[in-house]
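Q: Attaching a single structure in structure tokens format; questions to follow.
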Amino acid sequence: MRSCRGWAPRESTTLRTDGRLLTCALLVASAALVAGCRQDMHDTPRYETFEANPNMADGRASRAYPAGTVARGQLRDDEYFFTGKVNGEFAAEFPFAIAAADMARGQERYTAYCTPCHGQLGDGKGMVVQRGLRQAATYHQDRLRDAAPGYLYDVISNGFGAMQGYAEQVPPRDRWLIAAYVRALQLSQNAKVDDVPAADRGKLDAPAASHAAAGEPAPATRAEH
Ligand code: HEC
């Protein structure tokens, strides 16, 4: 009504129902109608999930799931892929072949989730460790070099000691890809000349030599943190 006040006829004694008053009355009536609808939509006549329902024998509006119900995509019956174990032992192999694109994704996921603590080299000197957080493990130790891929997957999934697990944030396949990248990091910091096929060993010095010849700096051997 307040908004109609300004439209009131100046000479109130005449009491004419002119067009403006009629418009005003219609506006008020339709506003009341709209308000009614709005309330109805807020409180629709249906049962909410977990609401009590006296019409059901067990008094619940929601039906219980039949025994053994599994949400679509949540069966997870592949022990190897989802737990990293085969017959209860940590799997000694990756559950699928790791292609170059997989390794690239593993690196990208590792960089997002693990470098803050473990560093780009996996030496446990990530940025938050440099800023005072607890020292993270270095991957460049014999025990972890010898650890089965399934063990790395398990640590990433469930955590280890002071480290939290990443099962909530990182889906299983990505966890395997991160494990593969950790393995690659281990190799990168512990490669021996014998690891290079004999036919290629002669090329080992070649890149540095060609860079020097072209007057370019040699490629960095250690990534920056
Ligand atoms: C918030 C810091 C932090 C992040 C992020 C983190 N870690 Fe760790 N990680 C640690 C710490 C700390 C330890 C040592 C825990 C201990 O010894 O109690 C550790 C230990 C480990 C170990 C060694 C387990 C062992 O047997 O000694 C592995 C492998 C590992 N982390 C992998 C990863 C991977 C892969 C990621 C990324 C998905 C990751 N971590 C993310 C802090 C972190």
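Q: Given a Förster radius of 41 Å and the C-beta distance between T138 and A97 as r, what FRET efficiency does 1/(1 + (r/R0)^6) yield to the nearest 0.05?
A: The formula returns an efficiency of 0.90 here.
Q: Ok, one more. Using the 10 angstrom Cβ neighbour count as an exposure proxy, how do S62, S30 rank, fewest first?
A: So the ranking, lowest neighbour count to highest, is S30, S62.
Q: What distance in nm separates the two pseudo spin-label positions at S30 and S188, each 7 Å out from Cα along the beta-carbon direction?
A: 6.7 nm
Q: Most exposed first by the Cβ proxy, i.e. fewest other Cβ within 10 Å, how do Y151, Y181 rank?
A: The most exposed by this proxy come first: Y151, Y181.
Q: Now for a separate question. As a footprinting exposure proxy, order H118, H42, H140 by other Cβ within 10 Å, with the fewest listed first.
A: H42, H140, H118
Q: Would you please name the trypsin sites (Lys or Arg not before Pro) within the range 49-121 that are DSSP coil residues with at most 11 other C-beta atoms within 10 Å of their C-beta?
A: Taking the range 49-121 and a limit of 11 other Cβ atoms within 10 Å, the loop trypsin sites (Lys or Arg not before Pro) found are R63, R72, R76.
Q: For a label point 7 Å from the Cα of V128 along Cα→C-beta, name the residues of the range 162-186 whose backbone N is under 16 Å from it.
A: Backbone N within reach: 162-170.
Q: Another question, if that's okay. Projected onto the charge dipole of the range 79-195 (+1 at Lys/Arg Cβ, -1 at Asp/Glu Cβ, origin at the Cα centre), which of F90, H118, L133 gives the Cα projection farthest towards the positive end?
A: L133
Q: Which FRET efficiency, nearest 0.05, do Q39 and T69 yield, Cβ-Cβ r, R0 45 Å?
A: 0.75
Q: Of the trypsin sites (Lys or Arg not before Pro) in the range 142-200, which ones lie in a loop per DSSP and count no more than 12 other C-beta atoms within 10 Å?
A: K192
Q: Output the peptides 161-169, 122-130, 90-98 sorted from most to least packed, where packing is the average of other Cβ atoms within 10 Å over each peptide's residues.
A: 122-130, 90-98, 161-169
Q: Please list, or write none, the lysines whose alpha carbon is within less than 18 Å of the alpha carbon of K203, excluding same-chain residues fewer than 8 places away.
A: K192
Readers should treat all values here as calculations from the given coordinates under stated rules, not as data from a laboratory. This structure is a prediction, so every number in the text was calculated from the model and none was measured. Glycine gets a Cβ as well: all are built from the backbone with ideal geometry, and neighbour counts include every protein chain shown.
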